[in-house]
Structures are given as C-alpha cells and as structure tokens.
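> Quick one: structure below, then a few questions.
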Amino acid sequence: MTAGAYRALVIDGATLAGSAGVPVSIRIEGDGIVVVGPAAADRADGAARHFDGAGLIVAPGFIELQINGAAGHDLTTEPEAVWCVGSALGRYGVTAFVPTLVSPAWAIVDRAMAAFLAGPPPDYNGATPLGWHVEGPFLSPKRAGAHDPAALRPPALSAVEGWSPAAGIRIVTLAPELPGAIHVVRALVARGITVSAGHSAATYAEARAGFDAGIRSVTHLFNAMGPLDHREPGLAGAAIEDPAVIVGLIPDGIHVHPAVVSMVRAAVGAGRVAIVTDAIAALGMPPGSHRLADREVDVDETSARLADGVLAGSVLAMDQGIRNLAMFAGREIADALLAATAVPASLLGEPGRGALRVGNIADVTLVSADFEVVLTIAAGRVAYDDGGSGRWA
C-alpha cells in the first residue's frame, strides 16, 4: 500500500525514540520526509492520509547489513528472490537491507547483480535492497564456519573486476591475512565498496594491516575468527581497539554470550556496534528440519544448525535483535536502536537513512511500548501494517 490517491502520509502523535516523550508529527511526500515537528496535524487536510501514532514510538527504519534469506528463500541459490526477501522484512521493522551471498560462485554474483539492476517488480512495497554483501569466497579455510570449504578461493583482483556499488556490490567480507587480500581490499575501497573482515584466522598484526588498507568493519565479531587472547588479540582484539572500525554482533544469545555483548558495547560505545542478524532462509518459518540451500538445517525458535551442530547463521529478526542488545548490554532501547539505524547507515555512507530528518528518505518504523512492530514505511511505501490498529484516517 502506498499513499495512493493521497499526496502525503502523516504520522501524528507518536513519540520519537530517545526523546523526552513529546509527541511529533511526521509528514511524508513521495519517498521523502518533508516535516518533523510538533504533533496536531490538520486532520482536515484531504490531500493526506493520517496515521494516529498516539502511544507508539517512532524510529528510523531498521537497516540489515547481513541477511542470507527469509521466508524460505535462500539468496545464494536464488538471488532473484531478493524482492521476495525484501517483502518479508517489513514485519520486523526493516526498511533497507544488504542481501548476502555466502561464498558464491562467480555466476551467482553475476545473477545477483543483474537482479539488483533490473529493479523491483511493479507495486513493490518491501524493504529497499542497497546492493549485495558478498561474504566470501576469499575466506580462511581455518575459519570457514558454515561456508563450504570447497567454495573458498584465494583473493584475486581479476575476480572483482566490475564490482562497485553502481553495479550492485555494496559490502565484501574477506580474510585480510590471505595472500593478495590487501591488494583486493585497496581496489574495492577505491571503488566505494565497504570491506569487512570475517571468517578469518588473522593475527593482531594482520588485522591491523587490513584496517590500514581500508577495512572498516568486522563481520559478526568473535564468530568464525580466532579467539581474543591476552597475548595474541587477533582480529577481535584489533577491531575492538580501533576507533575507526565498526563491529557487527549477532545478539541472539547463542552466537555471542550476552555478557560478552555487554562487554563489547561498554568497550566500544554506541557508535561502533552494528546489529547483524545473519538470518537465513528459515527466518519466518516454523521450527523443524528444513532443506535450505541444498542442505538440511535444523531450526528452533532461536537458532539454525547443520547436521553436525555447526551454527548456520541465525533465525534472529532485527526487532528482536534490538530488544536483545538493549537487554544484554543493560541499555535503553534508544541506545540499541543506533546499532540498527545510524551506525549501519554511517558504515554504508547513507546519510539519507538512519535518522528521522527533513530531507531524508522516508524509512520509518513505529513500535509499541514493548517494542513490537506496528507499522513499517520503506521509502514512503507501507511495507508492513499489523492490521489491527484501526489507526488510519
């Protein structure tokens, strides 16, 4: 649903997340925010459709940096399903996402770029894909995790020719210690691609060399990397120490212990933590055994594992990730919200997202007092409505 015959959409009376509780009015025209101001919008304005936000909290739309699939669709085997995945994300408050390919064959990357450049189907109302996250195949065999070791490849400049945000590639995760990795990092960064370190056995010195070359984030800190040791801090220690590096965390209570989540948040501050769900195709599916991406995956309410017990991503939804981060770290929801809004927007160089400001893209999520998603608006389109609010006028 869009504004349809209406020229504008107005959300009136909701409280800005992190504010002193003063209700506001947000006016959306097209895909942009044109007013953020005091509440009491003119309900007699027939050119606008109104949503009564009284009692709700309004926040910037959530941004997914790493999601492998949803609603039964695995993006690595079916990159053309990116629009189906985007349509499934509004219910979790997600308005923009970086769909992720797991150590893909080069032909899959080509298909993914083609699907992105082809654009959405008619009347698409889902979250906006911002370009692809290519996680691998330039990963360490020692830290492959759920990635197929046979799919891994050594870094090569020839393999990434033509990759750029304009072509549909937004993030690349690689292991900085691999031979040739630094050359690839510099080439990708020069084209405007965000490079993240992950699935890596890098030492502290090797990680530092990667950061010096332009790596600006770490994919799911602690997972699929060497442990933090007091004599060899490794990639995890180097990332926590460096004020220019954003650390991704999977706050599902399984990938990283809640106490460690709390310690990392205390160590790096709110501006350097980004929630990554690493959700797989099982997100939104019932618990049980599912065949996903040609592998059997056992799914319960909190995790997804391969037959050998290896964690295969998560089934964490972004709204739950925000609630968990706040709870694990002992912080206010507004603090945890930054990890799903302003921080990923900054990492991606998206100044028009991650904040509710005049001139920004109209990515807006409204939640209840207990942080359940009620309404999601992605680029001015209603991507999710809980249907039971009776709040439209």
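> Being closer than 17 Å to Asn68 by Cα, at pLDDT below 95 and out of contact with any Asp or Glu (no Cβ under 6 Å at 6 or more places or on another chain) narrows it down to one of Ala146, Ala112, Ala151, Ala127, so name that one.
Answer to the selection: Ala146.
> Another question, if that's okay. How many residues are open to solvent by 10 Å² or more (accessible area, probe 1.4 Å) and either under 28 Å from Leu375 (Cβ atoms) or among the small types (Gly, Ala, Ser) (or both) when one looks only at the range 69-102?
Summing the residues that are open to solvent by 10 Å² or more (accessible area, probe 1.4 Å) and either under 28 Å from Leu375 (Cβ atoms) or among the small types (Gly, Ala, Ser) (or both) in the range 69-102 gives 9.
> Still on this structure, please answer the following. Report yes if Glu135 is open to solvent by 10 Å² or more (accessible area, probe 1.4 Å), modelled with pLDDT of 95 or more and charged (D, E, K, R), otherwise no.
Criteria not met by Glu135.
> Being in a loop (DSSP other than H, G, I, E, B) and small (Gly, Ala, Ser) is the filter; apply it to the range 372-393 and report the residue that is farthest from Glu332 (Cα to Cα).
This residue is Ala393.
> May I pose another question? Is it true that some residue in the range 145-165 is hydroxyl-bearing (Ser, Thr, Tyr), outside any loop (DSSP other than H, G, I, E, B) and within 30 Å of Leu375 (Cα to Cα)?
no
> Follow-up question, since we're still on this one. Within the range 201-215, does at least one residue satisfy the condition of being open to solvent by 10 Å² or more (accessible area, probe 1.4 Å), within 21 Å of the chain's Cα centre (by Cα) and in contact (Cβ under 8 Å) with a residue 60 or more places away in the chain?
no
> Conditions first: (1) under 20 Å from Pro141 (Cβ atoms); (2) β-branched (Val, Ile, Thr); (3) buried (at least 24 other Cβ atoms within 10 Å of the Cβ). Ile182 passes all but one, so which condition is the exception?
Failed condition: (3).
> Same structure, new question: Suppose we keep only residues that are closer than 17 Å to Ala355 by Cα and open to solvent by less than 60 Å² (accessible area, probe 1.4 Å) within the range 11-20. Which one would you say is modelled with the lowest pLDDT?
Here the residue is Ser19.
> Which of the numbered conditions does Ala267 fail, given that it passes all the others? Conditions: (1) open to solvent by less than 50 Å² (accessible area, probe 1.4 Å); (2) more than 23 Å from Gly93 (Cβ to Cβ); (3) not in a strand (DSSP E or B).
(1)
> For the list (1) touching a helix residue (DSSP H, G or I) at 6+ places or on another chain (Cβ under 8 Å); (2) closer than 21 Å to Val297 by Cα, I need the number of the one condition that Tyr124 fails.
(2)
> Ser289 passes all but one of (1) surrounded by fewer than 17 Cβ atoms within 10 Å (Cβ to Cβ); (2) assigned to a helix (DSSP H, G or I); which number fails?
Ser289 satisfies all of (1) surrounded by fewer than 17 Cβ atoms within 10 Å (Cβ to Cβ); (2) assigned to a helix (DSSP H, G or I) except (2).
> Of Ala202, Ala239, which residue is aliphatic (A, V, I, L, M), at pLDDT 95 or above, touching a strand residue (DSSP E or B) at 6+ places or on another chain (Cβ under 9 Å) and part of a loop (DSSP other than H, G, I, E, B)?
Ala202
> Please work out which one of (1) touching a residue at least 12 places away in the same chain (Cβ under 8 Å); (2) closer than 22 Å to Met263 by Cα is the condition Arg231 fails and give its number.
The number of the failed condition is (1).
> So, one more: Determine if the range 276-285 includes at least one residue that is open to solvent by 30 Å² or more (accessible area, probe 1.4 Å) and either part of a helix (DSSP H, G or I) or free of Cβ contacts under 8 Å to residues at least 12 places away in the same chain (or both).
No, there is no match, as no residue in the range 276-285 is open to solvent by 30 Å² or more (accessible area, probe 1.4 Å) and either part of a helix (DSSP H, G or I) or free of Cβ contacts under 8 Å to residues at least 12 places away in the same chain (or both).
> Among the residues of the range 146-164, which ones are touching a residue at least 12 places away in the same chain (Cβ under 8 Å) and either open to solvent by less than 40 Å² (accessible area, probe 1.4 Å) or hydrophobic (A, V, I, L, M, F, W, C) (or both)?
Passing the criteria: Ala146, His147, Ala151, Leu152, Pro155, Ala156, Leu157, Ala159, Val160, Trp163, Ser164.
> Consider Thr128 against the criteria (1) open to solvent by 20 Å² or more (accessible area, probe 1.4 Å); (2) more than 15 Å from the chain's Cα centre (by Cα); (3) farther than 24 Å from Pro154 by Cβ: it satisfies all of them except one. Which criterion is unmet?
(2)
> For Thr194, only one of the following conditions fails: (1) within 18 Å of the chain's Cα centre (by Cα); (2) surrounded by fewer than 14 Cβ atoms within 10 Å (Cβ to Cβ); (3) polar (S, T, N, Q). What is its number?
Of everything listed in (1) within 18 Å of the chain's Cα centre (by Cα); (2) surrounded by fewer than 14 Cβ atoms within 10 Å (Cβ to Cβ); (3) polar (S, T, N, Q), Thr194 misses just condition (2).
> Next question, about the same structure. With the checklist (1) open to solvent by less than 30 Å² (accessible area, probe 1.4 Å); (2) in contact (Cβ under 8 Å) with a residue 12 or more places away in the chain in hand, flag the one item Ala105 doesn't pass.
Checking Ala105 against (1) open to solvent by less than 30 Å² (accessible area, probe 1.4 Å); (2) in contact (Cβ under 8 Å) with a residue 12 or more places away in the chain, the one that fails is (1).
> Inside the range 372-393, can you point out the residues that are closer than 14 Å to Ser87 by Cα, among the small types (Gly, Ala, Ser) and surrounded by fewer than 24 Cβ atoms within 10 Å (Cβ to Cβ)?
Ala379
For (1) under 17 Å from Asn68 (Cα atoms); (2) over 19 Å from the mean Cα position of the chain (by Cα); (3) at pLDDT 95 or above, each residue gets a yes or a no:
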site	(1), (2), (3)
Gly313	yes, no, no
Arg323	no, no, yes
Gly354	no, no, yes
Val358	no, yes, yes
Ile361	no, no, yes
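The values are calculated or read from the model by the stated rules, or taken from the named source; none is laboratory data. Keep in mind that this is a model prediction, so the values were computed, not measured. With ideal geometry, Cβ positions are generated from the backbone for all residues, glycine too; neighbour counts draw on all protein chains shown. Surface areas here come from the heavy atoms of the whole protein model, side chains and all, with no ligands, DNA or RNA. Shrake-Rupley method; radii C 1.70, N 1.55, O 1.52, S 1.80 Å.
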